[in-house]
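What follows is a set of notes on a single structure, which appears directly below.
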Amino acid sequence: MAIEKTPELMDKLVSLCKRRGFIFQSSEIYGGINGFWDYGPYGTALKRALEKLWWHEMVESRMNVEGLDSTIICHPKVWKASGHLDKFGDLMTDCRDCKSRHRVDQMEDESVCPNCGSKNLTEPREFNLMMKTYVGPVSDEDHVAFLRAETCQPIFVDFHQVRIAARQKLPFGIAQVGKAFRNEINPRNFTFRSREFSQMEMEFFCAGEEDMQWYEYWKDVRINYCKEKLEFAEDEIRIHEHEQLAHYAKAAIDIEFKFPFGWGELEGVHHRGTWDMSRHQEFSGEKLEYFDQDNNRHFAPTVIETSVGLDRTCLAMLCHAYDEDMAETQKEGMDKDVRVVLHFPAKVAPVQVAVMPLSKKLGDEAENIYKIVRESYRSEFDITGNIGKRYRRQDEIGTPYCVTFDFDSREDNKVTVRHRDTMNQDRVSIDQLKQYFADKI
RNA sequence: GCGGGUGUAGCUCAAUGGUAGAGCCCCAGCCUUCCAAGCUGGUCGCGCGGGUUCGACUCCCGUCACCCGCUCCA
């Protein structure tokens, strides 16, 4: 990497994301809305590629993980059982003097700050991270529902249905990708903390005595995924072992990424014990135990969870990929120019191959190549401006390969493949092009 | 949510209480046959809402958004 990942890099990245259509503010023409972000053409391609990679690794390439796509709105009792509603239903007040925050129901005197004794307090406010809505045409308290705050709860709720339909025995997992919503107090750091975001979660159900074995297994799988599939460097990620565990957890790690604004959680591997399943059993009155035929016993499954923030993965990938180097230029009065490059792994790059004619006169022939390439890869055709400019455009969106059809191509049926990272070029026969990329992508 | 800062074109930034400018980008044409070249032309803007004023991008109030610090993060 030619540049350091300083906090100022975020500004450049946010600007690049907007300019080139990766990510920009939601509802921008109305002034934007805090904590919500839209993905443009390249951002969508990146996000879908990352999702697809995860789904393939976690579901499609395994016999013991099944897919689920549940609703965003569930029965309100789901969130009662999960603890989300009670945990964040408190009235809170802030002290304007010492900046501390307190639960009103725990204060001796509701008008005095327990920390510094000041009476300069904000009005008590309800503090619930769950997004509230109403189901049906009547907006009253009897019709309140919530947007899910995490995608895993419906997995627990649907456990038996999935297990029976898929004829799975323990141990096995259920995976889901989807939106989750949290009324974050303070969305910050671009898309890192948003109010609407995508999660990729897998809940692995096993017998209590095998729990740590599976916990260690998934921990290794997920860490290796970050290193090998996402190609994050050793010094870009670290493992954070939880010392203070959540009420439900027996063991937990976070995989953190070194963002320009500091270390931030990308993914968690959490041992959730039998807490969720027991709670849903208690609140629903339905038996959620598993019957182990081999040992003729009933038990509540223990859950090992892997939970990834998809938007955070996108952001981490952008931070990881961003680089600038000095390149030669033909601009008058300058002999060097800054080249912005996104070093995406080829399999997740929004555009994997860009096809372009050296001259507009070669447009038709080049377009025919493009039509072949796009059958197999995310591709783009560009005919505007000179060839150098088009290479730089592709560098900036992280396209690993550019294919150029030139005047010689008509004679020798070969095209130039230009590499993003090295700017080197290969001469490749058109009929071998598919195989050439199959080897590289 | 608290404190501070910032909002002018897609981006980076000017200017002015009296019709808003540049560079880059983008588009078209010419030229150019492998790394943002050159020439010509073109598109696009004062975050939003009030107020003061003959007149507000400029001054005042509010609001929204973004950035920094604190706080929060089951």
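With a 10 Å cut-off between alpha carbons and a GNM built on chain A, which of A:383, A:164, A:23 moves the most?
A:164
Would you look at the GNM of chain A, springs on alpha carbons closer than 10 Å, and say which of A:365, A:184, A:305 moves the most?
A:365
Could you give the accessible area per residue of region A:163-250, probe 1.4 Å, as a whole number in Å²?
Heavy-atom SASA per residue in region A:163-250 reads 51 Å².
Run through the DSSP bridge list for region A:289-441 and note the antiparallel percent, rounded to the nearest 5. Provide the component values of the computation, followed by the final result.
On the way: 19 of 27 bridges.
That works out to approximately 70 percent antiparallel.
So what's the angle, to the nearest 10 degrees on a 0 to 90 scale, between helix A:275-284 and the longest Cα principal axis of chain A?
With both axes taken from Cα atoms, the answer is about 60 degrees.
Provide the percentage of antiparallel DSSP beta bridges, counting only those with both residues in chain A; round to the nearest 5. Don't skip to the answer; put the middle values down first.
Working: 72 of 84 bridges.
That works out to approximately 85 percent antiparallel.
State whether region A:328-379 is rounded, prolate or oblate according to the following rule on the C-alpha gyration tensor (a ≥ b ≥ c being the square roots of its eigenvalues): a/c under 1.5 gives rounded; otherwise a/b larger than b/c gives prolate, and the remaining case gives oblate. Provide the component values of the computation, followed by the final result.
Numbers: a/c = 5.95, a/b = 1.35, b/c = 4.40.
Oblate shape, in that a/c is at least 1.5 and b/c is the bigger or equal ratio.
Restricting to Cα pairs below 8 Å that are 6+ residues apart, what does the relative contact order work out to for chain A? Please round to a whole percent. Walk me through the intermediate numbers first.
On the way: 812 pairs, mean separation 57.2, N = 441.
The value is 13 percent.
Just to compare against my own numbers: the Cα pair-distance distribution for region A:147-269, 10 Å bins, whole % per bin, please.
All Cα pairs considered, the percentages come to 11, 35, 40, 14, 1.
Suppose each label sits 7 Å from its Cα in the direction of the beta carbon; what would the residue A:44-residue A:234 distance come out to in nanometres?
In this crude spin-label approximation the distance works out to 4.1 nm.
Using a 1.4 Å probe on the protein heavy atoms, what percent of the accessible area of region A:282-396 belongs to carbon and sulfur?
Working: 2410 of 5410 Å².
Exposed carbon and sulfur together represent 45 percent of the surface.
Looking at this model, which pairs from A:52/A:132; A:47/A:258; A:229/A:434; A:12/A:440; A:258/A:440; A:179/A:434 are more than 24 angstrom apart at the alpha-carbon? Working shown, then result.
Details: A:52/A:132 30 Å; A:47/A:258 19 Å; A:229/A:434 22 Å; A:12/A:440 30 Å; A:258/A:440 28 Å; A:179/A:434 36 Å.
Beyond 24 Å: A:52/A:132; A:12/A:440; A:258/A:440; A:179/A:434.
Going 7 Å from the Cα of residue A:242 toward and past its Cβ, which residues in region A:267-287 have a backbone nitrogen under 20 Å from where you end up?
So the set is A:267-281.
Can you give the three extents of the C-alpha atoms in chain A along their principal axes, from longest to shortest, in whole Å?
Projected onto its principal axes, the Cα set of chain A covers 82, 64, 47 Å.
Local charge sum around residue A:280 (other residues, Cβ-Cβ under 11 Å, Lys/Arg +1, Asp/Glu -1)?
On the way: positive: A:77, A:80, A:279, A:287; negative: A:158, A:276, A:282, A:286.
So the environment of residue A:280 carries a net charge of 0.
Compute the Cα gyration tensor for region A:294-441, then decide on rounded, prolate or oblate, letting a ≥ b ≥ c be the square roots of its eigenvalues: rounded whenever a/c is under 1.5, prolate when a/b is larger than b/c in the other cases, and oblate in all that remain. Mind showing how you got there, number by number?
Numbers: a/c = 3.44, a/b = 1.75, b/c = 1.96.
Note, shape of region A:294-441 comes out oblate.
Just to be sure I follow the rule: in region A:264-388, considering lysines 8 or more places apart or on different chains, how many pairs have Cα atoms under 25 Å apart?
Values: A:331/A:360; A:331/A:361; A:347/A:371; A:360/A:371; A:361/A:371.
The result is 5.
Suppose all protein chains stay in the model; what accessible area per residue would a 1.4 Å probe give for region A:262-302, in Å²?
Details: 2060 Å² over 41 residues.
Heavy-atom accessible area per residue stands at 50 Å².
Taking chain A as a Gaussian network, Cα atoms linked when under 10 Å apart, which of A:202, A:130, A:423 shows the biggest mean-square fluctuation?
Comparing A:202, A:130, A:423 in a Gaussian network model of chain A, the most mobile one is A:423.
With angles folded into 0 to 90 degrees, how steeply does helix A:363-373 sit against the dominant principal axis of chain A? Use alpha carbons for both and round to 10.
40
Kindly provide the helix-only [θ] at 222 nm of chain A, computed as the sum of -39,500 (n - 2.57) over DSSP H runs of four or more divided by all residues, to the nearest 500 deg cm²/dmol? Write out the running numbers ahead of the final one.
Values: 13 runs with 121 residues, N = 441.
-8000 deg cm²/dmol, from helical runs alone.
Relative to the longest principal axis of the C-alpha atoms of chain A, give the angle of the C-alpha long axis of helix A:41-55, reported between 0 and 90° and rounded to the nearest 10°.
Tilt of helix A:41-55: around 60 degrees.
Provide the convex hull volume over Cα atoms per residue for region A:152-198, in Å³. Don't skip to the end; give the middle numbers.
Details: hull volume 4.1 nm³, N = 47.
Normalising the Cα hull of region A:152-198 by residue number yields 87 Å³.
First measure r as the distance between the Cβ atoms of residue A:291 and residue A:134, then evaluate 1/(1 + (r/R0)^6) with R0 = 30 Å and state the FRET efficiency to the nearest 0.05.
Numbers: r = 39 Å, r/R0 = 1.31.
Working from the Cβ atoms, E equals 0.15.
For region A:148-195, what % of the accessible area comes from carbon and sulfur atoms, probe 1.4 Å? Numbers along the way, then the final one.
Working: 780 of 1910 Å².
On region A:148-195, the fraction of accessible area on carbon and sulfur atoms equals 41 percent.
The values are calculated or read from the model by the stated rules, or taken from the named source; none is laboratory data. Source: prediction; values computed, not measured. Cβ: placed from backbone, ideal geometry, glycine included. Neighbour counts: every protein chain shown. Each accessible area value is taken on the protein alone, full model and side chains, heavy atoms only, with ligands, DNA and RNA left out. Shrake-Rupley method; radii C 1.70, N 1.55, O 1.52, S 1.80 Å.
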